[in-house]
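Step one of this worksheet: look at the structure below.
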Amino acid sequence: MPIKTQSSARPNKTAKAFRQKKYLKIPYTYVRMLLSVLLTFVIILGVSLFRLNQYQTSQQASESEYEKLLGEYNILETKANELTAKLDMVEYKNDSAQLTLNRQAAKLNEQDAKYTEEFDEFSKKTEELQQQLETLEKAKQEIIDQLNKIPYLPGITDLTLDEPIPLAVSYSSDPIQMLSYKLDSISNIARSELSSYQSLTETFEEIKPVLNNYPSIWPVKGITTSGFGRRQSPMGGNSSENHTGLDIAVPMYTDVKATGGGTITTAEYSGGYGYLIVIDHGMGLATYYGHNAELLASVGDSVARGQIVAKSGNTGNSTGPHVHYEVRVNGKPVNPVKYVTLSD
Ligand SMILES: [Zn+2]
(Lines give C-alpha, C1' and ligand atoms only; values in the text may rest on other atoms or scores of the structure.)
Protein backbone atom coordinates (compact mmCIF):
# COMPACT_ATOMS: atom_id res chain seq x y z
CA MET A 1 0.00 0.00 0.00
CA PRO A 2 1.33 3.42 -0.86
CA ILE A 3 -0.28 4.99 2.27
CA LYS A 4 1.60 2.53 4.61
CA THR A 5 4.83 3.24 2.92
CA GLN A 6 4.22 6.98 3.35
CA SER A 7 3.40 6.60 7.10
CA SER A 8 6.44 4.54 7.72
CA ALA A 9 8.42 7.27 6.04
CA ARG A 10 7.00 9.80 8.53
CA PRO A 11 6.57 7.99 11.90
CA ASN A 12 6.59 11.13 14.14
CA LYS A 13 3.32 12.50 12.88
CA THR A 14 0.18 11.92 14.95
CA ALA A 15 -2.59 9.61 13.84
CA LYS A 16 -5.12 12.40 14.27
CA ALA A 17 -3.06 14.64 12.18
CA PHE A 18 -2.38 11.74 10.00
CA ARG A 19 -6.03 11.00 9.87
CA GLN A 20 -6.79 14.63 9.39
CA LYS A 21 -4.05 14.86 6.87
CA LYS A 22 -5.16 11.60 5.34
CA TYR A 23 -8.74 12.78 5.49
CA LEU A 24 -7.77 16.10 4.02
CA LYS A 25 -5.36 14.53 1.65
CA ILE A 26 -8.08 12.79 -0.31
CA PRO A 27 -10.20 15.89 -1.06
CA TYR A 28 -7.07 17.84 -1.74
CA THR A 29 -6.20 15.34 -4.41
CA TYR A 30 -9.67 15.69 -5.76
CA VAL A 31 -9.37 19.43 -5.51
CA ARG A 32 -6.06 19.27 -7.27
CA MET A 33 -7.53 17.02 -9.85
CA LEU A 34 -10.58 19.17 -10.07
CA LEU A 35 -8.39 22.25 -10.21
CA SER A 36 -6.26 20.60 -12.82
CA VAL A 37 -9.35 19.72 -14.75
CA LEU A 38 -10.74 23.18 -14.18
CA LEU A 39 -7.42 24.74 -15.10
CA THR A 40 -7.28 22.62 -18.17
CA PHE A 41 -10.85 23.47 -18.91
CA VAL A 42 -10.15 27.14 -18.23
CA ILE A 43 -7.09 26.98 -20.42
CA ILE A 44 -9.01 25.20 -23.12
CA LEU A 45 -11.89 27.61 -22.68
CA GLY A 46 -9.50 30.53 -22.69
CA VAL A 47 -7.77 29.30 -25.72
CA SER A 48 -11.06 28.56 -27.31
CA LEU A 49 -12.42 31.93 -26.35
CA PHE A 50 -9.24 33.52 -27.56
CA ARG A 51 -9.47 31.56 -30.68
CA LEU A 52 -13.10 32.35 -31.01
CA ASN A 53 -12.40 35.96 -30.34
CA GLN A 54 -9.56 35.83 -32.75
CA TYR A 55 -11.80 34.11 -35.21
CA GLN A 56 -14.56 36.59 -34.57
CA THR A 57 -12.12 39.44 -34.88
CA SER A 58 -10.77 38.06 -38.06
CA GLN A 59 -14.31 37.28 -39.10
CA GLN A 60 -15.22 40.83 -38.25
CA ALA A 61 -12.15 42.09 -40.00
CA SER A 62 -12.85 40.04 -43.05
CA GLU A 63 -16.49 41.03 -42.76
CA SER A 64 -15.59 44.70 -42.61
CA GLU A 65 -13.12 44.09 -45.40
CA TYR A 66 -15.84 42.29 -47.27
CA GLU A 67 -18.13 45.20 -46.59
CA LYS A 68 -15.43 47.59 -47.69
CA LEU A 69 -14.87 45.51 -50.79
CA LEU A 70 -18.60 45.27 -51.27
CA GLY A 71 -18.80 49.03 -50.95
CA GLU A 72 -15.99 49.41 -53.46
CA TYR A 73 -17.61 46.85 -55.63
CA ASN A 74 -20.86 48.73 -55.38
CA ILE A 75 -19.11 51.97 -56.27
CA LEU A 76 -17.43 50.24 -59.16
CA GLU A 77 -20.70 48.69 -60.19
CA THR A 78 -22.39 52.07 -60.02
CA LYS A 79 -19.57 53.54 -62.04
CA ALA A 80 -19.75 50.65 -64.46
CA ASN A 81 -23.49 51.14 -64.71
CA GLU A 82 -22.95 54.83 -65.27
CA LEU A 83 -20.39 54.03 -67.93
CA THR A 84 -22.72 51.49 -69.48
CA ALA A 85 -25.48 54.06 -69.41
CA LYS A 86 -23.13 56.58 -70.99
CA LEU A 87 -22.05 54.02 -73.53
CA ASP A 88 -25.68 53.18 -74.18
CA MET A 89 -26.38 56.87 -74.58
CA VAL A 90 -23.43 57.22 -76.91
CA GLU A 91 -24.56 54.13 -78.77
CA TYR A 92 -28.10 55.46 -78.86
CA LYS A 93 -26.85 58.79 -80.09
CA ASN A 94 -24.67 56.99 -82.58
CA ASP A 95 -27.60 54.84 -83.66
CA SER A 96 -29.80 57.88 -83.87
CA ALA A 97 -27.12 59.71 -85.86
CA GLN A 98 -26.76 56.65 -88.08
CA LEU A 99 -30.52 56.53 -88.47
CA THR A 100 -30.60 60.21 -89.37
CA LEU A 101 -27.76 59.66 -91.81
CA ASN A 102 -29.53 56.67 -93.32
CA ARG A 103 -32.70 58.69 -93.60
CA GLN A 104 -30.82 61.56 -95.20
CA ALA A 105 -29.03 59.17 -97.52
CA ALA A 106 -32.37 57.64 -98.51
CA LYS A 107 -33.79 61.09 -99.05
CA LEU A 108 -30.77 62.05 -101.13
CA ASN A 109 -31.10 58.86 -103.15
CA GLU A 110 -34.75 59.63 -103.68
CA GLN A 111 -33.93 63.18 -104.68
CA ASP A 112 -31.16 61.91 -106.90
CA ALA A 113 -33.55 59.48 -108.61
CA LYS A 114 -36.12 62.23 -108.99
CA TYR A 115 -33.47 64.58 -110.29
CA THR A 116 -32.22 61.96 -112.75
CA GLU A 117 -35.79 61.39 -113.91
CA GLU A 118 -36.36 65.11 -114.32
CA PHE A 119 -33.04 65.48 -116.08
CA ASP A 120 -33.93 62.66 -118.49
CA GLU A 121 -37.32 64.23 -119.10
CA PHE A 122 -35.67 67.58 -119.68
CA SER A 123 -33.11 66.03 -122.03
CA LYS A 124 -35.92 64.31 -123.94
CA LYS A 125 -37.79 67.59 -124.25
CA THR A 126 -34.61 69.28 -125.38
CA GLU A 127 -34.18 66.63 -128.07
CA GLU A 128 -37.80 67.13 -129.11
CA LEU A 129 -37.30 70.88 -129.22
CA GLN A 130 -34.22 70.40 -131.35
CA GLN A 131 -36.12 68.12 -133.72
CA GLN A 132 -38.99 70.58 -133.92
CA LEU A 133 -36.56 73.34 -134.75
CA GLU A 134 -35.03 71.15 -137.43
CA THR A 135 -38.52 70.49 -138.83
CA LEU A 136 -39.20 74.21 -138.74
CA GLU A 137 -35.93 74.90 -140.50
CA LYS A 138 -36.78 72.28 -143.13
CA ALA A 139 -40.25 73.81 -143.61
CA LYS A 140 -38.71 77.23 -143.98
CA GLN A 141 -36.20 75.90 -146.49
CA GLU A 142 -39.07 74.34 -148.45
CA ILE A 143 -40.92 77.64 -148.48
CA ILE A 144 -37.79 79.41 -149.68
CA ASP A 145 -37.26 76.70 -152.31
CA GLN A 146 -40.87 77.15 -153.45
CA LEU A 147 -40.43 80.89 -153.57
CA ASN A 148 -37.18 80.51 -155.48
CA LYS A 149 -38.97 78.25 -157.96
CA ILE A 150 -41.17 81.18 -158.96
CA PRO A 151 -39.41 82.13 -162.16
CA TYR A 152 -40.17 85.78 -162.15
CA LEU A 153 -40.77 87.95 -159.10
CA PRO A 154 -40.41 91.60 -160.05
CA GLY A 155 -39.35 93.91 -157.21
CA ILE A 156 -38.38 91.03 -154.99
CA THR A 157 -34.69 90.52 -155.24
CA ASP A 158 -33.56 88.89 -152.04
CA LEU A 159 -35.08 85.60 -150.99
CA THR A 160 -32.11 84.17 -149.19
CA LEU A 161 -32.67 84.16 -145.46
CA ASP A 162 -30.29 83.97 -142.52
CA GLU A 163 -28.49 80.68 -142.29
CA PRO A 164 -29.21 78.94 -139.00
CA ILE A 165 -26.38 78.80 -136.48
CA PRO A 166 -24.88 75.27 -136.40
CA LEU A 167 -26.04 73.00 -133.59
CA ALA A 168 -24.09 72.02 -130.46
CA VAL A 169 -20.77 73.67 -131.12
CA SER A 170 -19.40 72.76 -127.69
CA TYR A 171 -18.98 69.39 -126.08
CA SER A 172 -18.77 68.45 -122.42
CA SER A 173 -18.64 65.08 -120.67
CA ASP A 174 -20.73 66.62 -117.90
CA PRO A 175 -24.32 65.90 -118.96
CA ILE A 176 -25.65 69.04 -117.26
CA GLN A 177 -23.06 71.22 -118.98
CA MET A 178 -23.81 69.44 -122.24
CA LEU A 179 -27.52 70.08 -121.81
CA SER A 180 -26.75 73.71 -121.10
CA TYR A 181 -24.74 73.91 -124.34
CA LYS A 182 -27.56 72.27 -126.25
CA LEU A 183 -30.09 74.69 -124.81
CA ASP A 184 -27.84 77.62 -125.70
CA SER A 185 -27.58 76.28 -129.22
CA ILE A 186 -31.34 75.68 -129.45
CA SER A 187 -31.98 79.14 -128.10
CA ASN A 188 -29.69 80.61 -130.78
CA ILE A 189 -31.37 78.58 -133.50
CA ALA A 190 -34.81 79.53 -132.22
CA ARG A 191 -33.79 83.20 -132.32
CA SER A 192 -32.39 82.77 -135.80
CA GLU A 193 -35.52 80.89 -136.93
CA LEU A 194 -37.76 83.56 -135.47
CA SER A 195 -35.83 86.28 -137.23
CA SER A 196 -35.86 84.41 -140.55
CA TYR A 197 -39.58 83.63 -140.20
CA GLN A 198 -40.22 87.30 -139.53
CA SER A 199 -38.32 88.24 -142.67
CA LEU A 200 -40.17 85.46 -144.52
CA THR A 201 -43.48 86.92 -143.34
CA GLU A 202 -42.38 90.34 -144.55
CA THR A 203 -41.43 88.82 -147.90
CA PHE A 204 -44.82 87.12 -148.08
CA GLU A 205 -46.60 90.37 -147.31
CA GLU A 206 -44.62 91.90 -150.14
CA ILE A 207 -45.26 89.16 -152.67
CA LYS A 208 -48.82 88.29 -151.62
CA PRO A 209 -50.49 90.56 -154.22
CA VAL A 210 -48.00 89.30 -156.78
CA LEU A 211 -48.78 85.68 -155.95
CA ASN A 212 -52.53 86.27 -156.13
CA ASN A 213 -52.16 87.35 -159.76
CA TYR A 214 -49.32 85.04 -160.62
CA PRO A 215 -50.06 82.65 -163.53
CA SER A 216 -49.46 79.34 -161.80
CA ILE A 217 -52.03 76.76 -162.90
CA TRP A 218 -52.82 74.91 -166.13
CA PRO A 219 -55.46 76.65 -168.26
CA VAL A 220 -56.75 73.19 -169.29
CA LYS A 221 -55.82 69.64 -168.42
CA GLY A 222 -54.70 67.75 -171.47
CA ILE A 223 -51.77 66.27 -173.36
CA THR A 224 -49.03 68.73 -174.25
CA THR A 225 -48.56 68.08 -177.97
CA SER A 226 -46.02 70.79 -178.53
CA GLY A 227 -43.55 72.37 -176.12
CA PHE A 228 -41.92 75.75 -175.92
CA GLY A 229 -39.04 76.64 -178.21
CA ARG A 230 -37.70 75.76 -181.63
CA ARG A 231 -39.69 73.13 -183.52
CA GLN A 232 -40.61 72.02 -186.99
CA SER A 233 -43.53 74.01 -188.33
CA PRO A 234 -46.78 72.19 -187.65
CA MET A 235 -48.20 73.79 -190.75
CA GLY A 236 -46.06 71.58 -192.97
CA GLY A 237 -42.93 72.16 -195.01
CA ASN A 238 -39.30 72.04 -193.94
CA SER A 239 -39.33 75.42 -192.19
CA SER A 240 -38.75 75.54 -188.44
CA GLU A 241 -40.20 78.06 -186.08
CA ASN A 242 -39.84 79.27 -182.52
CA HIS A 243 -42.89 78.04 -180.63
CA THR A 244 -43.79 80.77 -178.15
CA GLY A 245 -45.99 78.63 -175.88
CA LEU A 246 -47.44 75.22 -175.09
CA ASP A 247 -50.02 73.38 -177.19
CA ILE A 248 -52.36 71.41 -175.00
CA ALA A 249 -54.71 69.04 -176.84
CA VAL A 250 -58.24 69.05 -175.42
CA PRO A 251 -61.73 68.30 -176.78
CA MET A 252 -63.70 71.16 -178.32
CA TYR A 253 -65.43 73.53 -175.91
CA THR A 254 -63.30 72.61 -172.90
CA ASP A 255 -63.31 75.28 -170.19
CA VAL A 256 -60.25 77.52 -170.50
CA LYS A 257 -59.31 79.01 -167.16
CA ALA A 258 -57.39 82.15 -166.27
CA THR A 259 -54.10 80.90 -164.76
CA GLY A 260 -53.80 83.91 -162.45
CA GLY A 261 -55.70 87.03 -161.44
CA GLY A 262 -55.60 90.05 -163.73
CA THR A 263 -57.33 92.18 -166.32
CA ILE A 264 -58.45 91.14 -169.83
CA THR A 265 -56.52 93.18 -172.35
CA THR A 266 -57.44 91.21 -175.48
CA ALA A 267 -60.62 89.28 -176.32
CA GLU A 268 -60.85 89.01 -180.09
CA TYR A 269 -59.91 87.07 -183.23
CA SER A 270 -56.20 87.66 -183.79
CA GLY A 271 -54.63 86.10 -186.88
CA GLY A 272 -52.88 82.77 -186.30
CA TYR A 273 -54.04 82.76 -182.63
CA GLY A 274 -57.65 82.52 -183.73
CA TYR A 275 -59.98 83.65 -180.96
CA LEU A 276 -57.52 84.96 -178.38
CA ILE A 277 -57.69 85.99 -174.73
CA VAL A 278 -54.83 87.97 -173.19
CA ILE A 279 -54.70 88.64 -169.45
CA ASP A 280 -52.46 91.27 -167.91
CA HIS A 281 -51.35 90.04 -164.45
CA GLY A 282 -49.37 93.17 -163.67
CA MET A 283 -45.63 93.15 -162.89
CA GLY A 284 -45.01 92.85 -166.65
CA LEU A 285 -46.61 89.40 -166.72
CA ALA A 286 -49.22 88.46 -169.34
CA THR A 287 -50.81 85.18 -170.47
CA TYR A 288 -52.21 84.24 -173.92
CA TYR A 289 -54.95 81.67 -174.64
CA GLY A 290 -55.32 80.92 -178.37
CA HIS A 291 -57.40 78.92 -180.89
CA ASN A 292 -60.59 79.25 -178.80
CA ALA A 293 -64.04 78.48 -180.14
CA GLU A 294 -65.75 80.97 -177.85
CA LEU A 295 -64.64 83.93 -175.68
CA LEU A 296 -66.34 84.39 -172.30
CA ALA A 297 -64.66 87.60 -171.12
CA SER A 298 -64.38 91.13 -172.43
CA VAL A 299 -61.53 93.64 -172.44
CA GLY A 300 -61.29 95.42 -169.08
CA ASP A 301 -62.81 92.53 -167.14
CA SER A 302 -61.09 91.64 -163.88
CA VAL A 303 -60.62 87.92 -163.60
CA ALA A 304 -59.47 85.67 -160.78
CA ARG A 305 -57.31 82.58 -161.03
CA GLY A 306 -59.40 79.62 -162.18
CA GLN A 307 -62.13 81.76 -163.73
CA ILE A 308 -63.38 80.44 -167.12
CA VAL A 309 -62.48 82.96 -169.80
CA ALA A 310 -63.10 80.90 -172.99
CA LYS A 311 -64.20 77.59 -174.54
CA SER A 312 -61.42 75.80 -176.38
CA GLY A 313 -61.53 75.27 -180.13
CA ASN A 314 -59.55 74.97 -183.34
CA THR A 315 -59.50 78.54 -184.71
CA GLY A 316 -56.50 80.29 -186.34
CA ASN A 317 -53.41 78.34 -187.37
CA SER A 318 -54.44 75.09 -185.77
CA THR A 319 -54.33 71.50 -186.92
CA GLY A 320 -56.68 70.19 -184.23
CA PRO A 321 -58.62 71.23 -181.15
CA HIS A 322 -56.11 72.53 -178.58
CA VAL A 323 -55.21 75.51 -176.43
CA HIS A 324 -52.13 77.50 -177.23
CA TYR A 325 -50.98 78.80 -173.85
CA GLU A 326 -48.34 81.47 -173.64
CA VAL A 327 -46.66 83.37 -170.79
CA ARG A 328 -44.91 86.65 -171.49
CA VAL A 329 -42.62 88.64 -169.22
CA ASN A 330 -42.35 92.26 -170.34
CA GLY A 331 -43.63 91.18 -173.75
CA LYS A 332 -41.13 88.36 -174.17
CA PRO A 333 -42.46 84.79 -174.35
CA VAL A 334 -41.04 82.45 -171.66
CA ASN A 335 -41.47 78.72 -171.07
CA PRO A 336 -44.91 78.32 -169.37
CA VAL A 337 -43.86 74.92 -167.94
CA LYS A 338 -41.80 76.72 -165.27
CA TYR A 339 -44.98 78.51 -164.18
CA VAL A 340 -47.53 75.73 -164.32
CA THR A 341 -45.32 73.35 -162.40
CA LEU A 342 -45.63 75.64 -159.40
CA SER A 343 -49.10 74.28 -158.71
CA ASP A 344 -48.24 70.63 -159.34
ZN1 LIG B 1 -49.04 76.76 -180.19
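The values are calculated or read from the model by the stated rules, or taken from the named source; none is laboratory data. Since the structure is predicted, the reported quantities are computational estimates derived from the model, not experimental observations. Neighbour counts run over all protein chains shown; Cβ positions are idealised from the backbone, glycine included.
From (1) modelled with pLDDT under 70; (2) part of a helix (DSSP H, G or I), pick out the condition that doesn't hold for residue 13.
For residue 13, the failing item is (2).
I'd like to verify a number: residues in segment 308-327 that are in contact (Cβ under 8 Å) with a residue 60 or more places away in the chain and closer than 14 Å to residue 260 by Cβ, how many?
3
Is it the case that segment 129-138 has a residue that's among the β-branched types (Val, Ile, Thr), in the same structural domain as residue 198 (by TED's automatic domain parsing) and surrounded by 11 or more Cβ atoms within 10 Å (Cβ to Cβ)?
Within segment 129-138, none of the residues are among the β-branched types (Val, Ile, Thr), in the same structural domain as residue 198 (by TED's automatic domain parsing) and surrounded by 11 or more Cβ atoms within 10 Å (Cβ to Cβ).
Considering each residue of segment 202-231, count those that are farther than 27 Å from residue 250 by Cβ and either aliphatic (A, V, I, L, M) or modelled with pLDDT of 85 or more (or both), and give that number.
2
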